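Some notes on the structure that comes next.
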Amino acid sequence: MAKRPKSAPQPEGNDTPAIASLQQMIKELEEQRAFFRQVIDMNPNLIFVKDREGRFVLANEALARIYGTTTEDVVGRTDADFAPEEQAKQFHLDDLEIIDSLQETLIPDRPLTDSEGNIHWMQATKRPIIDPDGVARRVLGVSVDVTERKRMEESIRQSLAQRVRQVETGTEIAQEIAMAPALDELYRRVVTLVKERLGYYHVQIFRHDKSAGSMVVVEGFGQPGHKMKAAQHRLPYGRGVVGTAAATGKPVLATDVRQDPNWLPHPDLPDTCGELAVPIKMRDEVLGVLDVQSDRPGALGEEDEVLLVGLAGQIAIAIEGTRLAEETQATMAELQQSQRFLDTLLHNLPNPVFVKDSSGVYIECNQAYLDFLGRTKDEVLGKTVYDVFDDAELVDKYHAMDEALLANPGVQTYDATLRHADGTMHEVIFNKATFADADGSLRGLIGVVQDITERKQVGMRIEAEVEERTRQAVHAQEELRRVNRALTVLSRCNQAAMRAKSEDELLNAVCQIVVDAGQYIMAWIASVEHDEAKSIHPLARAGADDGYLETIKLTWADAPMGSDASLGRGPVGKSIRSRQPTIVRNTSQDADLGPWGHEARKRGFNSIIALPLLSEGEPFAALTIYAREIDAFDAREVELLVDLANSLSYGVLALRSRRETERLQQEILEAQQRAIQELSTPVIPIMDRILVMPLIGSIDSLRAKDIMRVLLAGISRHRARVVILDITGVPLVDSGVANHLNKTIQAARLKGARTIITGVSDAVAETVVDLGIDWSGIETLSDLQTGLIAALQGLGVRLAPVAA
């Protein structure tokens, strides 16, 4: 700091020395004034002094810039000459209160309108300047512009609030739709929840109909949606917003459908102004499209697309089976309090300030700088950095930066660390500038220290909070993924149960589904034997077995570890005995796994669940599932896997019941067929050595063989000499029937029996003639009575008329 002017010498005779002394004093005063002027003008904060009437006594360049004028123009005027009336009035009230109270005051966040009409938010520290008589007639103020901080805080708050609402809404919707028991209910929940929670004009879901090459509505909201669903409303594949999303597999957004030539309107949705279609994909396959519409142009945007893409992924997982981010907000350190005008101005700046001469010696510093270092003024002034600081490495850096600035006068800013009075290292920013005498010669440098430690700590706390929120979101998504995985397995296994033709097919299909759809590492199903050893035998398996089941000998008997029966203390044996699910959450920590624990861990089996299959409360089999993750089975997933085991039990028992039913039905059918055959080809012995076989209905090759077989057996059994085939009940005689009859007659002749055909109707006779069938070698008679008479006569029986 410039030296204080010495007392003016008293003139002695000649006035020339006195005048020279006075001129020197004036010069030093001018230099001192210029020095302090430079100190306050280089400060980015608003520094001012006002009297009781509100007139500016002093103002720095920062204040003049915000009012759009010069420091000279500000002095002598009030805030009312530059700021709106209400703001100026409030500033004056604050100033009067501080002057009257004689107390320093921190005034947070006051609005200030600049010369261009922009509003700045200022945080001011004001202190009364008390004259020697104890009366304060002026006020010293330092105002910091915190507008950007407030904007950042508000922007971050709004962004976080909106993002949190989106994530919470998306998560709630995904959790609710994941529990839908069937696809129809899933579609209904999706449409209803998205419409009600997100407030769109209309919501609908389309399914990809590959056979028709179009997208068909499977669910829609409200009366229009129900109407389109009932009518199976379709959109061409590759056309319109929905068709294009389905064809490309990417979201399609039409913020204003009136400007989109590709848009296809619908008469039941007259108010549609915007539309967003998001494909519902499983891997690369488009399963359908989630379509939302808005009744306001431009209402749909990227945020809707991001939210709905996430939901579409959850919907796809439910059919088959977020990132949270926060921005850091900075805080500004509170400003230090100010002291007296000019002489105390430097010491009242909130930031640590120091002044060095051109040789690097401290010539002045404020109280904030002393407090920061924990030093007294005597310990700093007149010293260099090597005297003030103990850390040699840091001191060399400070000194080198000072020399560089003095060698190239101007402004210098850099980050550094500075040891605080409490012994901790603080992160700071040095803002330095050179200053000169009135004649322009380099005088030294001024430095302002900005402590950013707290801001960085706040940033670290915010990062930690973001990390924790992200961890919670990831945990929730993992739980949802597990539930969706179990739901997918349950759904596909139920479908497999409906399609399975045999028990083996069902068991193998279930194991494969558990591995493929559930992404478990292995699954197998064992039978429960009720023999003396209480054996367990694998029935089906899938996944990374790698010979695991062949390395172990299992039983469901219970015995202490070390005995052969202790092999039943594993999860499979426990589940069978307890008739309840048994879970091994960490194979490395379960002592009951015994001899096969090492084999399990070697294959990556880190957690296991065994589920008994029950029939009337008794186990007949067990399903065992292995996972790579430790503690892979949470409570909700276990509930769903228990449902899977119950469904599998029901499916197996249903197949067994169906197999037994089919066996009984086959036996009944065979008995019925035998009875029908016997009734359709009866052999009736009329008299000794005379058989009659009445034929009714159509005759095909299978029945013709039965006729021949039964007739020949009857000839042998009754030693028949004459056989009468009565065809009165045969509706049609064609070449095939005639050929069958000829073969039968020839076979009977070989057995020594004469064959007579009776019941030849007029229609049959005409048909035989028209077809050119040769029956010249066959004995035919018109009716059965005539045939009996002929048969009796052929055996030498004479019939005499009966007397009346």
Worksheet, complete the sentence: Flagged in segment 693-717 as within 18 Å of Gly752 (Cβ to Cβ) and either surrounded by fewer than 17 Cβ atoms within 10 Å (Cβ to Cβ) or touching a Ser or Thr at 6+ places or on another chain (Cβ under 9 Å) (or both), in numbering order, are Met693, Met708, Arg709, Val710, Leu711, Leu712, Ala713, Ser716, Arg717
Worksheet entry | Only one of Ala299, Ala312 that is closer than 14 Å to Gln204 by Cα and among the small types (Gly, Ala, Ser) | Ala312
Worksheet item: What pairs come up if the first residue lies in segment 431-453 and is on the phi < 0 side of the Ramachandran plot, the second is β-branched (Val, Ile, Thr) and open to solvent by 40 Å² or more (accessible area, probe 1.4 Å), and their beta carbons are under 6 Å apart, counting only those six or more places apart or on different chains?
Response: Asn431/Thr413; Ala433/Val411
Practice prompt. Kindly indicate the residue of segment 726-751 that is outside any helix (DSSP H, G or I) and either charged (D, E, K, R) or modelled with pLDDT of 90 or more (or both) and also most open to solvent (accessible area, probe 1.4 Å) among those meeting that condition.
Written response: Lys751
Discussion item. For a quick check of your reading: which helices (runs of 4 or more DSSP H) sit entirely within segment 183-269 and have at least 2 residues that are in contact with a helix residue (DSSP H, G or I) (Cβ under 6 Å, 6 or more places away or on another chain) and of a type in the set (A, V, I, L, M)?
Written reply: 183-198
Worksheet item: Under 6 Å by Cβ, and 6 or more places apart or on different chains, what pairs join a residue from segment 601-625 that is closer than 17 Å to Trp556 by Cα with one that is open to solvent by 10 Å² or more (accessible area, probe 1.4 Å) and among the small types (Gly, Ala, Ser)?
Response: Ala621/Ser527
Worksheet item: Can you spot a residue in segment 444-457 that is open to solvent by 30 Å² or more (accessible area, probe 1.4 Å) and either in a strand (DSSP E or B) or at pLDDT 85 or above (or both)?
Response: yes
Worksheet, complete the sentence: The strands (runs of 3 or more DSSP E) lying wholly within segment 47-160 that contain at least 1 residues that are open to solvent by 60 Å² or more (accessible area, probe 1.4 Å) are 105-113, 119-130, 136-145
Worksheet item: Is there a residue in segment 361-371 that is surrounded by fewer than 17 Cβ atoms within 10 Å (Cβ to Cβ), more than 15 Å from Gly447 (Cβ to Cβ) and under 55 Å from the mean Cα position of the chain (by Cα)?
Response: yes
Item to complete: Quick one: Arg601 ticks every box in (1) under 37 Å from the mean Cα position of the chain (by Cα); (2) surrounded by 16 or more Cβ atoms within 10 Å (Cβ to Cβ) except a single one, so which number is it?
Response: (2)
Worksheet item: Would you pick out the residues in segment 1-38 that are under 30 Å from Leu112 (Cβ atoms) and either touching a helix residue (DSSP H, G or I) at 6+ places or on another chain (Cβ under 6 Å) or modelled with pLDDT under 80 (or both)?
Response: Arg33, Phe36
Worksheet item: Does any residue of segment 22-40 turn out to be open to solvent by less than 50 Å² (accessible area, probe 1.4 Å) and within 18 Å of Asp145 (Cα to Cα)?
Response: yes
Discussion item. Tell me the residue from Arg197, Arg234 that is in contact with a Ser or Thr (Cβ under 9 Å, 6 or more places away or on another chain), farther than 25 Å from Gly298 by Cα and either surrounded by fewer than 19 Cβ atoms within 10 Å (Cβ to Cβ) or not assigned by the TED database to the domain that holds Leu307 (or both), please.
Written reply: Arg234
Worksheet entry | Only one of Ser575, Ser615, Ser535 that is open to solvent by less than 60 Å² (accessible area, probe 1.4 Å), assigned by the TED database to the domain that holds Val510 and touching an Asp or Glu at 6+ places or on another chain (Cβ under 6 Å) | Ser535
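The values are calculated or read from the model by the stated rules, or taken from the named source; none is laboratory data. Keep in mind it's a predicted model, so treat the numbers as computed, not measured. Heads up, the Cβs are rebuilt from the backbone with ideal geometry, glycines too, and the neighbour counts pull from every protein chain shown. Heads up: the accessible areas ignore ligands, DNA and RNA and are worked out on the full protein's heavy atoms, side chains in. Shrake-Rupley method; radii C 1.70, N 1.55, O 1.52, S 1.80 Å.
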